[in-house]
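Trainee: I have a structure here, written as structure tokens, and I will follow up with some questions on it.
The values are calculated or read from the model by the stated rules, or taken from the named source; none is laboratory data. Worth saying up front: this structure is predicted, and the values here are computed from it rather than measured. Here the Cβ positions follow ideal geometry from the backbone for every residue, glycine too, while neighbour counts run over all protein chains shown. What goes into the accessible areas is simple: the full protein's heavy atoms, side chains included, and nothing from ligands, DNA or RNA. Shrake-Rupley method; radii C 1.70, N 1.55, O 1.52, S 1.80 Å.
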Amino acid sequence: MRIRKRNSGSAAAAALLALLIVIMVVATVYVFVTRPPWSVPPDPITSVGAAVDHQYQLTLYVTGVVFVLSQLGLAYAIFRFRDRGQKAHFTRGNNTMEVLWTSATIILFIGLGLLGRKAWADVRFTEAPPDAIQVEVTTNQFVFNFRYPGADGKFGRLDPKLISASTGNALGLDPSDPAGADDIVFPTLTVPVNREVDLQIKSQDVIHNFFVRELRLQQDAVPGMVIPLHFTANTIGQYEIVCTQLCGLGHYRMRSVMNVVSDSDYQKFLKEQAPPASGQ
């Protein structure tokens, strides 16, 4: 009797662990349901951003249900199959259930991926329309530079040998190329509302990143590559641009702003920032 009592196990530890799991599940669900201010993202300013949010919410609901059921099942199993001093029973599992669970997981995740394909493809796999506003985004430690083609609609030639931030030529504009005489280089991005913008993203040194949370878009800037990214902002305002890659000791200060303005204000910006004509 003494040996049996010593090896009979206790329900306290199993019940406590099961209860702890249930409390954690309830707390997690509460945070997502009540949506405290620090967990609410800013509203998207593009139709693609709204689609991304919709897909995110759908994915969150589906995986949330799976999470709750699996954790409650774990809590039940911990308490139901706790040590009672019984002889251990070995099992090799159930192959049928393994196939069913694995197949269901594959179908679920592939299905969610297919549902979100349009929002992804609209930005990544489709080209910007021919009349989109062209802006070149150049990153380096630890700044963003944005270049507009000017009145002629053409970007001037760049020469890496001419790069000199101290003399005001951070991009290496070639003064011998007339197409670059009216190029506008500015540390912030200004775009008109409801107009397609086609960004050409590049890096001069290490991998950086262009991220605007209200656009729900981010793209790495990779040395030696020019990566396109296009969008149409539908809300006037000022939005923060940040680098989300750990690009060096000054990474924390690598930021800029994107100003979405009316078409008239955009034209005013271009006129104000246009270089003086030759001879003036």
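Trainee: Relative to the longest principal axis of the C-alpha atoms of the chain, give the angle of the C-alpha long axis of helix 263-273, reported between 0 and 90° and rounded to the nearest 10°.
Mentor: The angle comes out at about 60 degrees.
Trainee: Considering the dipole of the chain built from charges on the beta carbon (Lys and Arg +1, Asp and Glu -1) around the Cα centre, which of PRO44, PRO192, SER176 is farthest to its positive end?
Mentor: Highest projection toward the positive end goes to PRO44.
Trainee: Right, something else. At what distance in nm do the modelled label points of ILE110 and LEU162 sit from each other, each positioned 7 Å from its Cα along Cα→Cβ?
Mentor: About 5.3 nm, to one decimal.
Trainee: Also, I was wondering about something else. Cα axis of helix 11-34 to longest principal axis of the chain: angle in degrees, 0 to 90, nearest 10?
Mentor: 30
Trainee: On to the next question. For THR190, which sequence-distant residues (separation of 5 or more, or a different chain) have an amide H within less than 5 Å of its own amide H, given hydrogens modelled in the peptide plane?
Mentor: Amide H to amide H, under 5 Å and 5 or more residues apart or across chains, THR190 pairs with ASN259.
Trainee: Specify whether the C-alpha gyration tensor of segment 116-185 places it in the rounded, prolate or oblate class, a ≥ b ≥ c being the square roots of the eigenvalues: rounded for a/c under 1.5, otherwise prolate if a/b is larger than b/c and oblate if not.
Mentor: oblate
Trainee: Here is a follow-up. Give the accessible surface of the chain per residue, rounded to a whole number of Å², with probe radius 1.4 Å and ligands, DNA and RNA excluded.
Mentor: Per-residue accessible area for the chain comes out at 65 Å².
Trainee: A further question follows. In the chain, what is the count of Lys pairs whose alpha carbons are under 26 Å apart, counting only pairs at least 8 residues apart or on separate chains?
Mentor: Final tally of qualifying lysine pairs is 7.
Trainee: For THR28, tell me the accessible area in Å² from a 1.4 Å probe, rounded to the nearest 10.
Mentor: 50
Trainee: For segment 131-251, what is the convex hull volume of its Cα atoms per residue in Å³?
Mentor: 107
Trainee: Right, next: Can you list residues whose amide H is under 5 Å from LEU217's amide H, if they're 5+ apart or on another chain and H is modeled 1.01 Å from N?
Mentor: VAL212
Trainee: If you don't mind, there's one more thing I want to ask. So, with a 1.4 angstrom probe, what is the percent of accessible area on the chain that is carbon and sulfur?
Mentor: Carbon with sulfur: 63 percent of the solvent-accessible area.
Trainee: What is the chain's relative contact order, in percent, from Cα pairs under 8 angstrom and six or more apart in sequence?
Mentor: 18
Trainee: Compare ALA18, ALA128, ALA119 in a GNM of the chain, Cα atoms joined below 10 Å, and give the one with the largest fluctuation.
Mentor: Checking each option, the largest mean-square fluctuation is seen for ALA18.
Trainee: Only helical DSSP H runs with n ≥ 4 go in: add -39500 (n - 2.57) per run for the chain, normalise by residue count and round the 222 nm mean residue ellipticity to 500 deg cm²/dmol.
Mentor: It comes out at -12500 deg cm²/dmol, rounded to the nearest 500.
Trainee: Continuing with this model, one more query. To the nearest 10 square angstrom, what accessible area does LEU246 show with a 1.4 Å probe?
Mentor: 150
Trainee: Assuming 1.002 mPa s and 20 °C, estimate D for segment 23-102 with Stokes-Einstein, Rh taken as the Kirkwood radius over Cα pairs, in µm²/s.
Mentor: 130
Trainee: Any idea of LEU100's accessible area? Nearest 10 Å², probe 1.4 Å.
Mentor: 100
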